[in-house]
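Reviewing the structure listed below.
The values are calculated or read from the model by the stated rules, or taken from the named source; none is laboratory data. Quantities reported herein were computed from a predicted structural model and do not represent experimental measurements. When we count neighbours, we look across all protein chains shown, and the Cβ atoms used for this are built from the backbone with ideal geometry, even at glycine. To get the accessible areas, we keep the full protein, side chains included, count just its heavy atoms, and leave off ligands, DNA and RNA. Shrake-Rupley method; radii C 1.70, N 1.55, O 1.52, S 1.80 Å.
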Amino acid sequence: MSYHVVAFTMAQVRQGALGFQRQLGAALREASGLKVYSASPFDMEARRRIKDRFGGDIVYFFNDAAWEECQRLGMDLESVGEVSEEELPRRRTVVVGLPE
């Protein structure tokens, strides 16, 4: 399974870029397979590596179901790449989705 990578700057966050969380959270009722991850806030090394690789200050990983839902809802998110499940941070936080 691949994950779409979206990176935001702090300026984008201040301008409301994280609104996708509310919209996808509301969509969980109909599509429980949505998953969006970020690196654990306690793993500073992983966060630095991810920032160096993808840019941006905050980086999110969308599974295919979440990415398709974003497209269906007309969200204007720009993917900066794709990673495999094995490339996700070992310590990660579920931003949208039900914990496993």
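Taking every residue in region 74-88 that is closer than 24 Å to Arg22 by Cβ and pairing it with any residue that is part of a helix (DSSP H, G or I) and open to solvent by less than 40 Å² (accessible area, probe 1.4 Å), at least 6 positions away or on another chain, the pairs with Cβ-Cβ distances below 8 Å are Met75/Phe20; Leu77/Phe20; Leu77/Cys70; Ser79/Trp67; Val80/Phe54. Does Met1 count as touching a residue at least 40 places away in the same chain (Cβ under 8 Å), open to solvent by 70 Å² or more (accessible area, probe 1.4 Å) and under 21 Å from Glu82 (Cβ atoms)? In short, yes. Looking for whichever is free of Cβ contacts under 8 Å to residues at least 60 places away in the same chain and crowded, with 19+ Cβ neighbours inside 10 Å here; the options are Phe42, Phe54, Phe61. Which one fits? Criteria check complete, one pass: Phe61.
Within region 69-94, work out how many residues are assigned to a strand (DSSP E or B) and in contact with a helix residue (DSSP H, G or I) (Cβ under 6 Å, 6 or more places away or on another chain). Can you show your working first?
Step one: of region 69-94, the residues assigned to a strand (DSSP E or B) are 81-84, 92-94.
Now narrow it down to the ones that are in contact with a helix residue (DSSP H, G or I) (Cβ under 6 Å, 6 or more places away or on another chain): none.
Summing the residues that are assigned to a strand (DSSP E or B) and in contact with a helix residue (DSSP H, G or I) (Cβ under 6 Å, 6 or more places away or on another chain) in region 69-94 gives 0.
Just one of the numbered conditions (1) surrounded by 15 or more Cβ atoms within 10 Å (Cβ to Cβ); (2) in contact with a strand residue (DSSP E or B) (Cβ under 8 Å, 6 or more places away or on another chain); (3) among the aliphatic types (A, V, I, L, M) is not true of Val13: (1). Of all residues in region 49-59, those that are at pLDDT below 95 and assigned to a strand (DSSP E or B) total 1.
Of the set (1) touching a Phe, Trp or Tyr at 6+ places or on another chain (Cβ under 8 Å); (2) in a helix (DSSP H, G or I); (3) open to solvent by less than 20 Å² (accessible area, probe 1.4 Å), all apply to Leu18 but (3).
From the list Ala66, Ala7, Ala46, Ala26, the lone residue that is modelled with pLDDT of 95 or more and assigned to a helix (DSSP H, G or I) is Ala66.
Please verify whether region 21-39 includes one or more residues that are over 21 Å from Asp64 (Cβ atoms) and open to solvent by 30 Å² or more (accessible area, probe 1.4 Å). Spell out the reasoning first.
At the first step, the residues of region 21-39 found to be over 21 Å from Asp64 (Cβ atoms) are none.
Within region 21-39, none of the residues are over 21 Å from Asp64 (Cβ atoms) and open to solvent by 30 Å² or more (accessible area, probe 1.4 Å).
Residue check: Ala39 meets all listed conditions (1) touching a Pro at 6+ places or on another chain (Cβ under 8 Å); (2) on the phi > 0 side of the Ramachandran plot but one, namely (2).
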